[in-house]
1. Scan the stretch 175-196 and report the pairs whose first residue is more than 27 Å from A269 (Cα to Cα) and assigned to a loop (DSSP other than H, G, I, E, B) and whose second residue is hydroxyl-bearing (S, T, Y) and open to solvent by less than 20 Å² (accessible area, probe 1.4 Å), with Cβ atoms within less than 8 Å and a gap of 6+ or a chain change.
2. When residues of the stretch 73-128 are filtered for being of a type in the set (G, A, S), in contact with a strand residue (DSSP E or B) (Cβ under 6 Å, 6 or more places away or on another chain) and open to solvent by 20 Å² or more (accessible area, probe 1.4 Å), how many remain?
3. Tell me whether the stretch 193-206 contains one or more residues that are at pLDDT 95 or above, open to solvent by 80 Å² or more (accessible area, probe 1.4 Å) and within 23 Å of H128 (Cα to Cα).
4. Do we find that R217 is surrounded by fewer than 16 Cβ atoms within 10 Å (Cβ to Cβ) and either in a loop (DSSP other than H, G, I, E, B) or without any contact (Cβ under 8 Å) to a residue 24 or more places away in the chain (or both) in this structure?
5. Regarding the stretch 48-66, can at least one residue be identified that is charged (D, E, K, R), in a loop (DSSP other than H, G, I, E, B) and more than 17 Å from I187 (Cα to Cα)?
6. What number of residues in the stretch 99-150 are within 15 Å of the chain's Cα centre (by Cα) and assigned to a strand (DSSP E or B)?
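The values are calculated or read from the model by the stated rules, or taken from the named source; none is laboratory data. Everything numeric in this text was worked out from a predicted model, so none of it was measured. We place every Cβ from the backbone using ideal geometry, glycine too, and count neighbours over all the protein chains shown. Accessible surface is based on the protein model in full, side chains and every heavy atom, while ligands, DNA and RNA are left aside. Shrake-Rupley method; radii C 1.70, N 1.55, O 1.52, S 1.80 Å.
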Amino acid sequence: MKPNQKTGLVLEGGAMRGLFSAAVLDRLMEEDIRLDGMIGISAGATFGCNYVTHQPGRAYRYCMKYRHDPRFCSVPSLLLTGDMYGAEFCYHTLPERLDPVDNETFVSSGIPFYLAATDVDTGKAVYHLCKDIVSHDELEWVRACASMPLASQIVSVGGRRLLDGGITDSIPLKYFEYKGYRRNVVILTQPAGYRKQPNSMMPLIRRVYRNYPALIRAMERRHLVYNRQIEYVEAAASRGDVFLIRPETQLPVNHITHQAEKIRAVYEAGKKQADKQFPALMAFLEQ
């Protein structure tokens, strides 16, 4: 990478599809490629933080190991706690004791780590720069940015009430450009040609979140915003301002799976794509 030229890393979410992105990041770590900053949305943040802590393989490892643990991700967890992904297990027990996150490396990395969540009262995206990856409030920001509607409780942190950042800014390329990252590597979890359709769960969403009209309006237009963002990313890639990495075909999971073969297939798809595009990526970074 050329000096005085900030290159960012922008990660879409997608729940377990995020393991595609995790595999790409693992390849970057294996080659010791360190970009100047990153922003992750939802799973792009929960898996993407391992790039800043420089822990290749960690996301895949714990998803495989704890895929059947009801505290990790399960309907019983949703019914008992209000969170499909158990808040205490995923954001405390796992990163603090079972598969510790390397906060010292996170803090000393020099790589600013941003995420975005959705303010349920305003229906707008809220962006946050994490100062560490272990303190209570910072972990609550990470949890908030990945708290999927209907599958998670609203998270209160920073004086706001928040849900998943993907509701309002699924691919925050424009925000990162605004922050000064004029050239970006963007990792998506859907293949070329994918366009989001209107949410079929809107009748239920309107009932559950009836006290949050701005959130409802944001979810009603989410597909329109997302599709415009895809077009913006593709246009930036055609100009040479973005290096775009995404699956060549639809990944074998939608959001959640407990099947080892599907988890492995998503991760392997990311490894294969990273290998295929690696020479072109290096050329992009050296421009």
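1. Y181/T7
2. 1
3. For the stretch 193-206, residues at pLDDT 95 or above, open to solvent by 80 Å² or more (accessible area, probe 1.4 Å) and within 23 Å of H128 (Cα to Cα): absent.
4. Working: surrounded by fewer than 16 Cβ atoms within 10 Å (Cβ to Cβ): yes; either in a loop (DSSP other than H, G, I, E, B) or without any contact (Cβ under 8 Å) to a residue 24 or more places away in the chain (or both): no.
Here the answer is no, as R217 does not meet what is asked.
5. Narrowing the stretch 48-66 to residues charged (D, E, K, R): 58, 61, 65.
In the following step, the residues that additionally are in a loop (DSSP other than H, G, I, E, B) were identified as none.
Looking through the stretch 48-66, none of the residues is charged (D, E, K, R), in a loop (DSSP other than H, G, I, E, B) and more than 17 Å from I187 (Cα to Cα).
6. So the answer is 11.
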